[in-house]
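Undergrad: Shown below is the structure under consideration.
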Amino acid sequence: MKYVSTRGGLTPTEFSDILLEGLAPDGGLSMPSILPRIDSATLEVWRRLSYAELATEILSLFISDIPKSDIRALCEKTYNSANFNSEEIVPLKKINDKITLVGLSEGPTLAFKDMAMQFLGNIFEYVLAKRNTSLNILGATSGDTGSAAEYALRGKKGVQVFMLSPYGRMSDFQRAQMFSLADQNIHNLSVKGVFDDCQDIVKALANDLAFKEKYHLGAVNSINFARIVAQVVYYFWAWLRATKDGAQRISITVPTGNFGNILAGHIARQMGLPIKRLVLATNENNVLEEFFRTGIYRPRGAEQTYKTSSPSMDISKASNFERFVYDLMHQDGAKVKALWDELADKGYFDLSEEKHRFEPEFGFLSGTSNHQDRLNTIKAVYEESGIIIDPHTADGVKVALENLHEGVPMLVLETALPLKFADTIKEAIGVEPALPEHLSELMELPQHLTVMDNDVAQVRAYLQVHIQADDK
Ligand SMILES: *Cc1c(COP(=O)(O)O)cnc(C)c1O
């Protein structure tokens, strides 16, 4: 399996090379040159596998420059019940006759990003050791992505994490989760500013190419294809658990922000997994819902991005969306490049002429929800089943209910546990979700962080002290 760029300019590259890079040199995103196809006989064999075994089978289709026995070891090290609070890793939970939740939030930070990030941490360590090199992850977080990255990379050899977060602006739980990590390779830099200030500092340092090279800076952002492919696994897992025979199709609703999670579903479907419909759910920030409704893609700026009660979906420029457009354009990199040039020029592009293909060819439907919908949905699900869902999953359940089809089971991806969003849960049902037993001591642990001014120079100086420079 080799990787090419969505804009056509990358010479086919191995997995380990794209693993440590961000954008392709032509500004596009890496994609497999051809997707493996899975037939129904193979699916039946896979029904008997554990999650780690299934992950080994699927990941080794995409990673041809690492021996399968090593991929197996990495999957076993990742997908076990020491890392995930469930023997099954991804449990399915029925909330009523119509809808089943796919439990993607049993990892250490209680959200679906752990599913891919935990694997990423292990494969980073493996590839860095093979290449006898090191990497320093520099990132900004408003809470969730940063903690998933830190829990994935804590204690890993060859990697340090420098995570900027806005001082005084995270919830008690988020602070306890991130700052309680005592690993030497984890650095929490708490910046006196807002999230955008943190992000600006990261950009300023990452754009200084000489500095970036000298200090081996990297990122673990959502465009990393290793994250996407690790997410493909749970679509297969969910289908295998929700069906009895190969002829059965299911639909899956996915709460969406950066189009990363649902892109993995698209890839699973293109590989031949019997998914009838992929239903994309957004909150008030509905750029993607608008695209699937109209064919027009018009990203919005920060000032037009609402702050909502499903904050991890407050995104108005979906960084993985280009990968879907690449498939829509029949993998023609020149056409994708032209569309993104047009986007840079005019602020939008119009694919309404392709709209008739979205559902028949790719299974895509979409819908949107708002704060009141989330409250109503959390309450209705709780009263019916006793299950408390988080606000992002509620966006999914609301849109799923509008897209049910007779005889087709509907799954909704549970992207976080409610505990992380206790205020909204309290508003919806009057009670706060309890802290799971295995985390009962978290809030009491000592916290480790370095407070800094909103100043690039201070962060730069901190990196210079803590990273051994590469002077070659
Ligand atoms: C990141 C995140 C999402 C959105 O996932 P994308 O891959 O960006 O579409 C949804 N819900 C939660 C809880 C998240 O953390």
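The values are calculated or read from the model by the stated rules, or taken from the named source; none is laboratory data. As the structure is a prediction and not an experimental result, all values here were calculated from the model. Cβ: placed from backbone, ideal geometry, glycine included. Neighbour counts: every protein chain shown.
Undergrad: Quick one: count up the residues across the range 42-63 that are small (Gly, Ala, Ser) and in contact (Cβ under 8 Å) with a residue 40 or more places away in the chain.
TA: 1
Residue-by-condition table, conditions (1) modelled with pLDDT of 95 or more; (2) touching a Cys at 6+ places or on another chain (Cβ under 9 Å); (3) not assigned by the TED database to the domain that holds Gly168:
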{"residue": "Ala52", "(1), (2), (3)": "yes, yes, yes"}
{"residue": "Ala55", "(1), (2), (3)": "yes, yes, yes"}
{"residue": "Asp65", "(1), (2), (3)": "yes, no, yes"}
{"residue": "Ser69", "(1), (2), (3)": "yes, no, yes"}
{"residue": "Ala73", "(1), (2), (3)": "yes, no, yes"}
{"residue": "Thr100", "(1), (2), (3)": "yes, no, yes"}
{"residue": "Leu153", "(1), (2), (3)": "yes, no, no"}
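Undergrad: Could you figure out which of (1) under 20 Å from the mean Cα position of the chain (by Cα); (2) part of a loop (DSSP other than H, G, I, E, B); (3) within 22 Å of Lys420 (Cβ to Cβ) isn't true of Ile223?
TA: (3)
Undergrad: Additional query: I need every pair where a residue in the range 241-261 that is over 23 Å from Glu88 (Cα atoms) has its Cβ under 8 Å from the Cβ of a residue that is away from the ligand (no atom under 16 Å from the Cβ) and assigned to a loop (DSSP other than H, G, I, E, B), sequence separation at least 6 or different chains.
TA: Ala247/Pro274
Undergrad: Kindly indicate the residue of the range 120-151 that is modelled with pLDDT of 95 or more and of a type in the set (Ser, Thr, Tyr) and also farthest from Pro67 (Cα to Cα) among those meeting that condition.
TA: By that ranking, first place goes to Tyr151.
Undergrad: Can you pull out the residues in the range 307-330 that are in contact (Cβ under 8 Å) with a residue 12 or more places away in the chain and either away from the ligand (no atom under 16 Å from the Cβ) or at positive phi (or both)?
TA: Result: Tyr326, Asp327, Leu328.
Undergrad: Follow-up question, since we're still on this one. Would you kindly identify the strands (runs of 3 or more DSSP E) lying entirely within the range 47-159 that contain at least 1 residues that are small (Gly, Ala, Ser)?
TA: By residue number, 99-103, 135-140.
Undergrad: Sticking with this structure for a sec: What number of residues within the range 365-376 satisfy the criterion of being more than 19 Å from Asp314 (Cα to Cα) and either of a type in the set (A, V, I, L, M, F, W, C) or in contact with a Pro (Cβ under 9 Å, 6 or more places away or on another chain) (or both)?
TA: 1
Undergrad: Take the residues in the range 257-279 that are under 15 Å from Arg323 (Cα atoms) and among the β-branched types (Val, Ile, Thr); name whichever of them is nearest to the ligand (Cβ to nearest atom).
TA: For the range 257-279, the residue satisfying everything is Ile262.
Undergrad: Out of all the residues in the range 348-366, is one or more surrounded by 16 or more Cβ atoms within 10 Å (Cβ to Cβ), assigned by the TED database to the domain that holds Val254, within 15 Å of the ligand (Cβ to nearest atom) and on the phi < 0 side of the Ramachandran plot?
TA: Yes: the range 348-366 contains one or more residues that are surrounded by 16 or more Cβ atoms within 10 Å (Cβ to Cβ), assigned by the TED database to the domain that holds Val254, within 15 Å of the ligand (Cβ to nearest atom) and on the phi < 0 side of the Ramachandran plot.
Undergrad: Report, by residue number, each residue of the range 256-301 that is small (Gly, Ala, Ser) and in a strand (DSSP E or B).
TA: Scanning the range 256-301 gives a single hit, Ala281.
Undergrad: Shifting gears a bit: Among the numbered criteria (1) farther than 30 Å from Glu213 by Cα; (2) under 27 Å from the mean Cα position of the chain (by Cα), which one does Gly430 miss?
TA: Status for Gly430: all satisfied but (2).
Undergrad: Which residue out of Gln231, Gln199 is of a type outside the set (A, V, I, L, M, F, W, C), within 13 Å of the ligand (Cβ to nearest atom) and assigned to a helix (DSSP H, G or I)?
TA: Gln231
Undergrad: Something else: Give the residues of the range 399-425 that are out of contact with any helix residue (DSSP H, G or I) (no Cβ under 8 Å at 6 or more places or on another chain) and not in a helix (DSSP H, G or I), sorted by residue number.
TA: Glu402, Asn403, Leu404, His405, Glu406, Gly407, Val408, Leu417
Undergrad: Out of Met115, Met163, I need the residue that is within 16 Å of the ligand (Cβ to nearest atom) and under 15 Å from the mean Cα position of the chain (by Cα). Which one?
TA: The conditions single out Met115.
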